Each structure stands twice: as structure tokens, then as C-alpha cells.
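Contents: one structure, followed by commentary.
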Amino acid sequence: MKIAVIGAGSAGLAALRHCTSGTYEIVCYEKTDQTGGTWVYREETGLDRYGLRIHTSMYKNLRTNLPKEVMGYPDYLVPDSPDSYLTRTQILEFLNSYCDHFNLRQYIRFLHNVELVEPSKGDRKWTIKVRNLKENTIITESFDAVMVCNGHYFEPSVPNLKGQETFQGQQLHSHDYRVPDIFTDKIVVVLGAGPSGMDLALEISGKAKRVILSHHLKDPIGTIFPENVVQKPDIKEVTEHDVVFEDGSKEPVDVLFYCTGYKYSFPFLSEQCGIRVDSNMVTPLWKHLVSIENPTLALVGLPFYVCAFSMFDLQVRFLLQYWSGKKDFPSKANMLKEEAEELENRKKEGLGKKHFHLMGFKQAHYYDDLANTAGITPLPPVLTKLHNESSTRFLDDLVHYRESRYRIIDDYNFIQL
Ligand code: FAD
């Protein structure tokens, strides 16, 4: 079986680690010149020298929002060190050491941008068109199966605001944010209170005169913010120099900083692949992973608020159970039914399509389901426990939560040091 992996970020590396056992012929295409995906920091924004949009959303001072104890792979942990919350450089080093430990680099074709994936006519294979960026040539190759590992933090989602086009100040999405100095002495509205909005409100508060965190959560966030950070509801309208909020208050503002998240995007998948993105729900997929129309196509890494690297590993092991023939996929009707039921259940919980891939406090259920369904080694429950503990601490005390240090003592328990 010949498998293509698209992307050599942490998901693509997990795919390679399990596909290089000798049973499979494997090729990984990576459009940049490095492994690590979004963990590769680049000062520049916009287009790269090949005219492609810079992929990474990493900023200079980023420290992880999860402890390293939950950021390893099941068979390759982040090495011990005094801190639990690491820098972006430490995570990138870790990913490179994973890559070297399992000898994965030999399978990666760097500076190869996948431009098209489509089902081949007449057989059950996939045709992939790839641009060799250095030579500016197109290569066409055929595969039995494809793992898409292209990430989902590169296509900014920017809201339409009334009066947005008349605003005379600066507008920036977090994808293009690198250093806080650009906000020195400015009044900044941070839109969105997800992990990025919260972390960036904290980070830029050290430079900005005033940070206004605008969000649509029902109640004010109860965490401890620095003194110059205030919360406001959603924006009602923007004028040349001011922002009017839903509560009727009006503030003079220098910068609209969109921390409004990203859209799932698979620009290289042809329509015949049968994958749609509907209100940011990627569909039709079995278990957030397998294309129901064409089960030899899989999209690894879609769920968010997860123990990412371990989940990637689990998803890849799940796939290989089916692609190797050890397990049979359910019927198309049953897979569609399962997806519809999950959507229905989420709707009952007040989560729409936009949050279909959100796992968060329910991630353990997803992991156990994958492991039980495919008959593979599950993820240790302690990962979810510690993830939840960290998320709770983050929500309680944004300023200090990274000072906590943890140690995992067995599959079920961790201690705080
Ligand atoms: P990516 O890392 O985005 O890798 C995708 C790869 O695919 C890239 O190398 C890209 O160049 C390549 N690619 C894309 N399109 C093509 C194409 N057409 N052809 C060839 N190659 C292609 N997670 C945590 O667990 N803890 C954290 O603290 C944390 N902090 C984060 C902070 C920020 C600012 C961001 C943006 C994310 C953070 N995450 C964090 C989530 C992070 O995205 C995941 O941990 C993980 O790195 C995602 O890996 P990935 O391989 O799915 O995607």
C-alpha cells in the first residue's frame, strides 16, 4: 500500500512514525523547508519567497498553554525539565528529536507543495499533483491512500463588522502577529476570548496602554487579568476612530486585533474527494477523521482542545487498523448515521456545526471510542485529567497558571510539584 502524507507538522510526523514500519510505501510532502509546522517561528508574514502564504501562526514569546506532560506522543514523551509550560523553541526541538529518533526525515520531500488531490479515474487510487518549489516543476504521483495533515491554524477567520472599512486604525489577525512591540502605548481591542485571545491579551498588556477584550460569552471571564485589561461585549459598530460595543459604550481605539480563530481549509482537495466545510464543520467524516465517501482519504488532527500529539498518534493507529485490512469500515449508511447522531447530540448541548470538532472536557470519550472501535492501545486517562486541570487553572488565573509544575506518576494520576 502506497500512502501519501500531506504536511510534516506534528500530525504528519505521527503519520510517518506509524507508516514506516516496512509494510507501507510512504511519501510525505511538506511545502516549507522544515518539520514542525506551526511550531516553526518565522518573523515575516504574508507571502513567502515562493508566493505561498506563510503557514505558521507562531509568535515570538509563545509559551505553551498546556503542560509538557500532556504534549508528548504516547511512545515519545517530552523530556524532563524544571518547567511544565515550555517555550515554542523547546517544542520545536522536541518535534525535531522525534523526527530524528524515528528516522523520519528520509521520507519527507521538503519544499513540495501539494496543489491537487483527486480520485483517479478507473481505479481506486488517488492522484496527487505537487509543485517542487525549488525547481518550479509539477510532479504527478499515484497513491492508494492519503493522510491530510495540513493543520488548521493558517486560514484566518475575520468577522464582518459594521463600519469596519471606515476604521482608520490598524487591523491585524493573530495569524500575522509576531511581537508585542507593535502595540506599544496603543489602545487595542482584542476580539475573541478563545485560547489565542486570552493569551494575546495577556501578552500585549505589557506594552499596550489599554487592552479591551471583546467577547460574546454570557458572563465576564472570571480569571485574573492584568490591570490594564478590561472586558467588553461584542462590537456593535466601528467608526473612523472609535468602537461601539453592544452595551452601548464607546471607546477610542488604535488597533482591532482579530483573535477570532481560523477556518478549516483544504485548498488542494478536488470536489470529487467529497469533503465539504460547512460552517467550519468538516463533513462527511467518520469519527472526525475518515472520509465517508472515500475511506482511503483521512484528515488527521481536526479535533481541537485536545492533547494534540497523542491524539494524532491515536488517529493514525486507528486508520492503519482499517487500511491494513485488520478491520472493516462500517457501511456508508452507518457512518453517516453516526455523524448525524453526534451532530444532533452536540446541538442539544448548544454546540452548532462550528463547534462540531471541539473536544475539550469530553476528549476522553473521543479517545476511548477510537481505541475501543479499532481495538488499539488507548491513551492513558491521566492525559485528559491533566489537560482538564490545566484548562481550569487557565480559566482561574491567566497571569500565573504557567507557574504550576506537574509530574505524571502513572496512567491515571499526576501530582502538582
Ligand atoms: P501544523 O503544525 O500546522 O502542520 C501542518 C504542516 O502541513 C505544515 O508544516 C505545513 O507547511 C504543511 N502543509 C500545509 N499545506 C500543505 C500543502 N498543500 N502541501 C504540503 N505541505 C503542506 N497545541 C498544544 O498542544 N499546546 C499549545 O500550547 C499550543 N499552542 C499553540 C499556539 C499557536 C499560536 C497555534 C497556532 C497553535 C497551538 N497549538 C498548541 C495547536 C497546534 O496547532 C498543534 O499542537 C499542532 O502543532 C498542529 O499540528 P498539525 O501537524 O496538525 O498542523
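Structure data summary
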{"quantity": "Boolean, Pro156 is closer than 30 Å to Thr239 by Cα, within 12 Å of the ligand (Cβ to nearest atom) and at pLDDT 95 or above", "calculated": "yes"}
{"quantity": "In the stretch 245-281, residue farthest from the chain's Cα centre (by Cα) [restricted to those that are surrounded by 17 or more Cβ atoms within 10 Å (Cβ to Cβ) and free of Cβ contacts under 8 Å to residues at least 40 places away in the same chain]", "calculated": "Phe245"}
{"quantity": "Test for Lys31: is it part of a loop (DSSP other than H, G, I, E, B) and in contact with a strand residue (DSSP E or B) (Cβ under 9 Å, 6 or more places away or on another chain)", "calculated": "yes"}
{"quantity": "Cβ pairs under 6 Å, 6+ apart, first in the stretch 397-416 and under 17 Å from Leu202 (Cα atoms), second assigned to a loop (DSSP other than H, G, I, E, B) and aromatic (Phe, Trp, Tyr)", "calculated": "Arg402/Tyr85"}
{"quantity": "Selection count, the stretch 315-342, where residues are crowded, with 23+ Cβ neighbours inside 10 Å and closer than 19 Å to Leu95 by Cβ", "calculated": "2"}
{"quantity": "Test for Glu251: is it within 25 Å of Gly206 (Cα to Cα) and either part of a strand (DSSP E or B) or basic (Lys, Arg) (or both)", "calculated": "yes"}
{"quantity": "Qualifying positions in the stretch 69-85 - crowded, with 21+ Cβ neighbours inside 10 Å and closer than 29 Å to Ile182 by Cβ", "calculated": "Met71"}
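Okay, residues lined up against (1) within 14 Å of the ligand (Cβ to nearest atom); (2) closer than 30 Å to Arg178 by Cβ; (3) in a loop (DSSP other than H, G, I, E, B):
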{"position": "Glu240", "(1), (2), (3)": "no, yes, yes"}
{"position": "Tyr264", "(1), (2), (3)": "yes, yes, yes"}
{"position": "His288", "(1), (2), (3)": "yes, no, yes"}
{"position": "Pro295", "(1), (2), (3)": "no, no, yes"}
{"position": "Gly301", "(1), (2), (3)": "yes, yes, yes"}
{"position": "Val306", "(1), (2), (3)": "yes, yes, yes"}
{"position": "Phe312", "(1), (2), (3)": "yes, yes, no"}
{"position": "Val316", "(1), (2), (3)": "yes, no, no"}
{"position": "Leu320", "(1), (2), (3)": "no, no, no"}
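Okay, residues lined up against (1) within 17 Å of Ala8 (Cβ to Cβ); (2) near the ligand (Cβ under 7 Å from one of its atoms); (3) in a loop (DSSP other than H, G, I, E, B):
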residue: Thr38; (1), (2), (3): yes, yes, no
residue: Glu44; (1), (2), (3): no, no, yes
residue: Arg49; (1), (2), (3): no, no, yes
residue: Ser57; (1), (2), (3): yes, yes, yes
residue: Lys60; (1), (2), (3): no, no, yes
residue: Leu66; (1), (2), (3): no, yes, yes
residue: Asp80; (1), (2), (3): no, no, yes
residue: Ser84; (1), (2), (3): no, no, yes
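To keep it simple, each residue is scored yes or no on (1) among the aromatic types (Phe, Trp, Tyr); (2) under 23 Å from Gln416 (Cβ atoms).
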{"residue": "Thr45", "(1), (2)": "no, no"}
{"residue": "Asp48", "(1), (2)": "no, no"}
{"residue": "Thr64", "(1), (2)": "no, yes"}
{"residue": "Tyr76", "(1), (2)": "yes, no"}
{"residue": "Asp80", "(1), (2)": "no, yes"}
{"residue": "Asp83", "(1), (2)": "no, yes"}
{"residue": "Leu86", "(1), (2)": "no, yes"}
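The values are calculated or read from the model by the stated rules, or taken from the named source; none is laboratory data. Treat the numbers as computed from the prediction; the structure is a model and nothing was measured. Here the Cβ is made from the backbone with ideal geometry for all residues, glycine too, and neighbour counts use every protein chain on show.
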